[in-house]
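Reading through the structure tokens given below for one structure.
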Amino acid sequence: MGWSSQQSARLHLEMGILSRYFPTFFLKDSIIPGHAVIEGTLRSNAGNEYLIRLRVPADLPNSVPIVEIVSPVLRDRFGHSLVDLGTSYPMHLLKPENGAVRICHYSASHWHPNITFFKVLLKIRAWIEAYEGHLDSGYAIDHYLPHMEA
Amino acid sequence: MTPLVYVLEEQIRDLLSQTGDVRLVDGVAYGFDDWTVFHAYTEKPYSTPSGRICPCVAMRSDAAGFVDEEKLMLQVRSRVDPDGDPIVVLLAGTDAGGSPSCRALVLTEKGVAGADARFVPRRSELFSRNTGLLETSALADKKVVIVGLGSGGSPIALELARAGIGHFTLIDFDRLELGNISRHVCGVNDLGRYKTLAVRDQVLQKNPYAKVSTMEINVNQSLGQVEDAVAACDLLIVASDNDQSRFNLNQMSLNNNKVTLYGRAITRAAGGDVLRVRPWKGPCYNCVFSSGLIDGREEEMSQKRQALAVLPAYVEEDKINTMIQVGLSSDIAPIANMMVKMALVELSRGIETGMSTVDEDLASDFYVWANRREEAYANWPRMGFKWTHPSILRWYGARIDRDLDCLVCGGHLEEEPTT
């Protein structure tokens, strides 16, 4: 089963917003719901680039999209791979899969269909700054980014 | 006491309509109260019955209902292995007017005893006392989909069965656990069963002629199947316990132009709310949810599975356990009851019934209820004797308009579906 007409309209809307604010992001494998991803690069204030993959949920826009950092391989200040940290409250990380770090951005209890991928990527952008802050200071990421209330 | 034997009139009609040499039909009976009351079936029961099982044999009686008891007893004993339990014998025939009749005998080691056979009547008579308030013949054709058969959805299903709704699709993938029992219409006899199947049996106890289909699936993982059911219904009732399913069902309700009722309890069932979505005419679920109107009115977490589904994986077990705080069944009941009233209003629309004045009163699409002055209602004044301020144990309708900026039903859509 393909996307419904409403989902196709929503994808069009999402890509329209992203093309304006995050123009490097493009849609891949968009035909089959559950397989579509949006990939692009985010650049930190320090000029470092991160390849981001956002997995478009099959029930778009009704559930939280998974967001992974595909490259570079992320390590904490002490040299440990963030993938090896697994699920981490202080680092805002979800359980990684396929070797990619998954960022905890919105929890299911805070999600609603009015949240666009643009807002999600803004949070990822903030996470990247907090991550680089962690590399400089050693403070965990939640020192910079407070958690949403559960 | 003369034993009482209840039998479905429809089954006797079926037996009488069978052609060919049908002499003895093996059925089943369930006995109660020291074998003084029996529920007898000539065919497989329509639901999982209760009582103590015993053999039942049905036969078409000869003219005038004459039965050679000695011969019958020999014939019946040769058919079953009674283990000392009674055997119920049904003798089906027709009365002078041509209507089906039934005699019953109960065979025990002591001999044959005549029983008082009573019909569970046909559909038209089952709801005869409702006449005047609801046109049950009209509601018998109505199709309702209920998603979530927990403490909210299960009593709704039962009440709608009592009101004569004829078609149900029950959707839930959960099974009945010990912790559910105190707030659920089903009891310990149903432990471990799918809630859908256990509730189906309860519905059939109220309306044996209801058509009940069940789907033991996760709405969020079986969107196509659920949407097919939604497309075929007259009313969608959502009593599920997570927003993802409500968002998905909201989309289906809009796609198929189906009026939908959503209900939920907040933490410890301190209160709750009910939303009616009239697609494209009023607010959709997302219009309300994303408006901030229900911020601070966190949904009740009644079981760990529910909490795990919405919380990030790193939330500690202790925290999850503290979030599981349930209210009493009596706190859920008003919310379920309001949903039933609103369901009956929607299903009776266009029919001359006593529900039309209720329809006039229920002008709002969103209703709030408080059970206790705590959580979101902590600052409400005491009930006292005033009617001019918010109080517990009263319904309040809130006017909410459709949000034209809603990304689900709002203005970004070029046109509304034509379904």
Subject >> the stretch B:194-228, subset out of contact with any helix residue (DSSP H, G or I) (no Cβ under 7 Å at 6 or more places or on another chain) and more than 30 Å from A:A58 (Cα to Cα), residue surrounded by the most Cβ atoms within 10 Å (Cβ to Cβ) >> reply: B:R200
Original post:
Which of the residues belonging to the stretch A:62-85 are buried (at least 17 other Cβ atoms within 10 Å of the Cβ) and either under 30 Å from B:F289 (Cβ atoms) or touching a strand residue (DSSP E or B) at 6+ places or on another chain (Cβ under 7 Å) (or both)?
Top reply: A:N62, A:S63, A:V64, A:P65, A:I66, A:V67, A:E68, A:I69, A:L74, A:L82, A:V83
**OP:** Answer yes or no as to whether B:V88 is modelled with pLDDT of 90 or more and surrounded by 13 or more Cβ atoms within 10 Å (Cβ to Cβ).
**Re:** yes
**OP:** Would you confirm whether any residue within the stretch A:9-29 is surrounded by 13 or more Cβ atoms within 10 Å (Cβ to Cβ), touching a helix residue (DSSP H, G or I) at 6+ places or on another chain (Cβ under 7 Å) and of a type in the set (S, T, N, Q)?
**Re:** no
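Considering only residues of the stretch B:269-296 that are among the charged types (D, E, K, R) and surrounded by fewer than 18 Cβ atoms within 10 Å (Cβ to Cβ), which is modelled with the lowest pLDDT?
Residues of the stretch B:269-296 among the charged types (D, E, K, R): B:273, B:276, B:278, B:281, B:295.
This time we only want the ones that are surrounded by fewer than 18 Cβ atoms within 10 Å (Cβ to Cβ), so: B:278, B:281, B:295.
Values: B:R278: 96, B:K281: 93, B:D295: 68.
Of everything passing the filter in the stretch B:269-296, B:D295 is modelled with the lowest pLDDT.
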**OP:** Within the stretch A:110-150, work out how many residues are assigned to a helix (DSSP H, G or I), within 14 Å of another protein chain (Cβ to nearest Cβ), under 30 Å from A:Q7 (Cα atoms) and β-branched (V, I, T).
**Re:** 1
Original post:
Looking at the stretch A:92-109, which of its residues are more than 9 Å from every other protein chain (Cβ to nearest Cβ) and under 16 Å from A:L74 (Cα atoms)?
Top reply: A:P96, A:E97, A:N98, A:G99, A:A100, A:V101, A:R102, A:I103
**OP:** Give the stretch A:109-120 a look and list any residue that's free of Cβ contacts under 8 Å to residues at least 24 places away in the same chain and either in contact with a strand residue (DSSP E or B) (Cβ under 7 Å, 6 or more places away or on another chain) or surrounded by fewer than 17 Cβ atoms within 10 Å (Cβ to Cβ) (or both), or say none.
**Re:** A:K119
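Is it fair to say B:A231 is closer than 18 Å to B:A343 by Cα, more than 13 Å from every other protein chain (Cβ to nearest Cβ) and of a type in the set (A, V, I, L, M)?
Taking the combined requirement at face value, the residue does not satisfy it.
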**OP:** Can you tell me which residue within the stretch A:121-150, out of those that are closer than 19 Å to A:S88 by Cβ and within 12 Å of the chain's Cα centre (by Cα), is surrounded by the fewest Cβ atoms within 10 Å (Cβ to Cβ)?
**Re:** A:A126
**OP:** Note down all Cβ pairs under 7 Å where the first residue falls in the stretch B:350-363 and is among the hydrophobic types (A, V, I, L, M, F, W, C), the second is surrounded by 14 or more Cβ atoms within 10 Å (Cβ to Cβ) and modelled with pLDDT of 80 or more, and they're at least six residues apart or on different chains.
**Re:** B:M355/B:L344; B:M355/B:V345; B:M355/B:S348; B:V358/B:K341; B:V358/B:V345; B:L362/B:M342; B:L362/B:V345; B:A363/B:G397
**OP:** May I ask you to say which residue of B:G282, B:G272, B:G292, B:G263 is free of Cβ contacts under 8 Å to residues at least 12 places away in the same chain and under 26 Å from B:L362 (Cβ atoms)?
**Re:** B:G292
Original post:
Quick one: would you say B:D403 is within 14 Å of chain A (Cβ to nearest Cβ), of a type outside the set (A, V, I, L, M, F, W, C) and either on the phi > 0 side of the Ramachandran plot or not in a strand (DSSP E or B) (or both)?
Top reply: yes
Original post:
In this structure, does A:V101 turn out to be out of contact with any Pro (no Cβ under 8 Å at 6 or more places or on another chain) and either part of a loop (DSSP other than H, G, I, E, B) or not basic (K, R) (or both)?
Top reply: yes
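The values are calculated or read from the model by the stated rules, or taken from the named source; none is laboratory data. Keep in mind the model is a prediction, meaning the values are calculated, not measured. Cβ coordinates were reconstructed from backbone atoms using ideal geometry, including for glycine residues, and neighbour counts include every protein chain displayed.
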